[in-house]
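The values are calculated or read from the model by the stated rules, or taken from the named source; none is laboratory data. Just so it is clear, the structure is predicted and the values come from calculations on it, not from any experiment. Methodologically, a virtual Cβ is constructed for each residue, glycine included, from the backbone with ideal geometry; neighbour enumeration extends over all protein chains shown. To get the accessible areas, we keep the full protein, side chains included, count just its heavy atoms, and leave off ligands, DNA and RNA. Shrake-Rupley method; radii C 1.70, N 1.55, O 1.52, S 1.80 Å.
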Amino acid sequence: MNENNDSSILSPGQRPVKDSMNSLKARHNILADAHEQIGILEHGANHDDAFRLAPFQQKLGEIGLYPLHPTGIEIFQVNMGKMCNQVCKHCHVDAGPDRKEIMTRETMQLCLDTLKNSPVTTVDLTGGAPELNPQFRWFVEEIKKSGKHIIVRCNLTIILANKRFNDLPGFFRQHAVEVVSSLPFYTADRTNRQRGDGVFEESIKALQMLNAVGYGKEGTGLVLNLVYNPAGAFLPPSQTMLEKEFKTELMKNFGIAFNQLYTITNMPISRYLDYLLQSGNYEKYMEKLTAAFNPAAAKGIMCRNTISVGWDGFLYDCDFNQMLDLKISCKNSVHLSQFNLANLNKREIVVNQHCYGCTAGAGSSCGGAVDP
Amino acid sequence: MNNNYYNSDDLAKFGNIGEFQKEVADKFFGWYGEVFKDSALSAKEKSLIALAVSHAVQCPYCIDAYSSDAYEKGYSEAQMMEAVHVAAAIRGGATLVHGVQMMNKVKDIAM
């Protein structure tokens, strides 16, 4: 059997990486349908307008930001597929081992063609677990040839999920890839509640492996950033304060070093939306987000300098719009095959009620707080 | 007024107390904001103190606010419950230590 086509993620005999939960799609949950999610965001849980918030467009209008335009594309974020070895409760991708949508080598080639001669400075690889795409290493090597900075959003446990991934830290180092990894807390309880039983323990091992090859260590230039997501229906605390705490606790308890902590707000979509509705927190959470609307965070919102590419090559304003199937609103440039930078830079960014997640409090982006 | 003395929706209306007397309300909220800033004690530590005091004064609004705040700031369930025990122990101890007054009085009057 060709190892690259091996669809099983785990080593023989290994328990599924944590949590028996399935994706919404596998459970045939109605929230697997993007239209259903948008209906809830716009018209309330029962679509009856019993719960409505000020439209996000109106909120942007009040501060002179509507329609919202890009400031220029700097970050090219590629979602390499929805397959993942974890099934986190807050996942906005609805990723999991049962998801088969992954990017083909042909689409990756389109990415590479697009990146040539583009002003993009950073290529941000995400998923699912991007490493599960059989073409992952080839893609990283090819992007590297273009001289772009590469970020990999690595869920950590993938490094230990199968022996064929054990050398990922070395591979990342070889290509000077920046590693951004979720670790919702420096204790096991909160981490495992969000990401599944045992994820914390394996994440710690993976972080130690990354440290061992130089990641997160001073003077190596190998950047290891961590991501905090609230494990519940609340907003993140101060990024600066929490980073200090993470650094102290991870060093004291596990000898782990890292560069920066990014605090990211959970978006009210997909599995996190399901959690909010199931736990009766949806309306209060949305009220919290809207009450915390921060104009400075809105000005610096990440969709203004990012373009998001789906596994099938379609373009989106961000990974969240991608998951809501809100395709980019740009004439003759909705797919990589017709990528037109000039048109894209003039486009109107598609916004909706979920966008309150990026503008609340200190703001939230794939690079953490916007206005810390 | 409705039929309940306490309504959780009222917490969000706290800021409205300035409608009846703005000047002192502004002073209170200004002072309140200063009190909870990161300083010699961190904002996180102050949140846990506030949680304990909320229980000591048995203020449902404060318990609502600081249960969320302390948890958001990263305290675990066990840490928060221990803080409540501190408040309870001080309250219990405060009652009990007066037992010494009682003893003093009884010893004064007893034969």
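Among the residues in the range A:109-123, are any within 16 Å of the chain's Cα centre (by Cα) and of a type outside the set (S, T, N, Q)?
Yes, because at least one residue in the range A:109-123 is within 16 Å of the chain's Cα centre (by Cα) and of a type outside the set (S, T, N, Q).
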Output for the range A:55-76, where each listed residue is more than 30 Å from A:Ile150 (Cβ to Cβ), open to solvent by less than 40 Å² (accessible area, probe 1.4 Å) and in a loop (DSSP other than H, G, I, E, B):
A:Leu65
Identify the residue in the range B:27-43 that is more than 20 Å from B:Asn16 (Cα to Cα) and over 16 Å from the mean Cα position of the chain (by Cα) and, among all such residues, is farthest from the other protein chains (Cβ to nearest Cβ).
B:Ala40
Could you tell me whether the range A:169-189 includes any residue that is more than 29 Å from A:Met21 (Cβ to Cβ) and basic (Lys, Arg)?
yes
Need the failing condition index for B:Gln58 against (1) on the phi > 0 side of the Ramachandran plot; (2) among the polar types (S, T, N, Q); (3) within 14 Å of chain A (Cβ to nearest Cβ), just the number.
(3)
Condition (residue is within 20 Å of A:Ala292 (Cβ to Cβ), in contact (Cβ under 8 Å) with a residue 40 or more places away in the chain, in contact with a helix residue (DSSP H, G or I) (Cβ under 9 Å, 6 or more places away or on another chain) and within 10 Å of another protein chain (Cβ to nearest Cβ)) applied to the range A:258-268: is it met by at least one residue?
no
Could you tell me which of the residues A:Tyr215, A:Tyr186 is of a type in the set (Ser, Thr, Tyr), in contact with an Asp or Glu (Cβ under 7 Å, 6 or more places away or on another chain) and either touching a residue at least 60 places away in the same chain (Cβ under 8 Å) or more than 14 Å from chain B (Cβ to nearest Cβ) (or both)?
A:Tyr186
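How about the range B:65-89: which of its residues are open to solvent by less than 80 Å² (accessible area, probe 1.4 Å), part of a helix (DSSP H, G or I) and within 11 Å of another protein chain (Cβ to nearest Cβ)?
Initially, the range B:65-89 is screened for residues open to solvent by less than 80 Å² (accessible area, probe 1.4 Å), giving B:65-76, B:78, B:80, B:83-84, B:87-89.
Filter again for part of a helix (DSSP H, G or I), leaving B:65-72, B:78, B:80, B:83-84, B:87-89.
Result: B:Ser67, B:Ser68, B:Asp69, B:Ala70, B:Tyr71, B:Glu72, B:Ala78.
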Residue under evaluation B:Ala12, criteria (1) within 14 Å of another protein chain (Cβ to nearest Cβ); (2) modelled with pLDDT of 95 or more; (3) open to solvent by 90 Å² or more (accessible area, probe 1.4 Å), criterion not met:
(2)
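From the list A:Asn294, A:Asn281, A:Asn305, pick out the single residue that is closer than 25 Å to A:Ala26 by Cβ, open to solvent by 10 Å² or more (accessible area, probe 1.4 Å) and touching a Gly at 6+ places or on another chain (Cβ under 9 Å).
Details: A:Asn294 fails: closer than 25 Å to A:Ala26 by Cβ; A:Asn305 fails: closer than 25 Å to A:Ala26 by Cβ.
When all the criteria are applied, what remains is A:Asn281.
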Kindly list, by first and then second residue, each pair from a residue in the range A:230-246 that is more than 16 Å from B:Glu45 (Cα to Cα) to a residue that is part of a helix (DSSP H, G or I), limited to pairs with Cβ atoms under 6 Å and residues at least 6 apart or on different chains.
A:Ala231/A:Arg190; A:Ala231/A:Arg193; A:Ala231/A:Gln194; A:Ala233/A:Tyr285; A:Phe234/B:Glu72
If you go through the range A:270-298 one residue at a time, how many are part of a helix (DSSP H, G or I) and farther than 13 Å from A:Cys355 by Cβ?
18
Going through the range A:45-65 in order, the residues found to be under 24 Å from A:Ile307 (Cβ atoms) and touching a residue at least 60 places away in the same chain (Cβ under 8 Å) are A:Phe56, A:Gln57, A:Lys59, A:Leu60, A:Ile63, A:Leu65
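This table checks each residue for (1) among the small types (Gly, Ala, Ser); (2) under 20 Å from A:Gly127 (Cβ atoms); (3) open to solvent by less than 10 Å² (accessible area, probe 1.4 Å).
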| residue | (1), (2), (3) |
| --- | --- |
| A:Lys148 | no, yes, no |
| A:Cys154 | no, yes, yes |
| A:Val177 | no, yes, yes |
| A:Thr191 | no, yes, yes |
| A:Ala212 | yes, no, no |
| A:Gly219 | yes, no, no |
| A:Ala231 | yes, no, no |
| A:Pro237 | no, no, no |
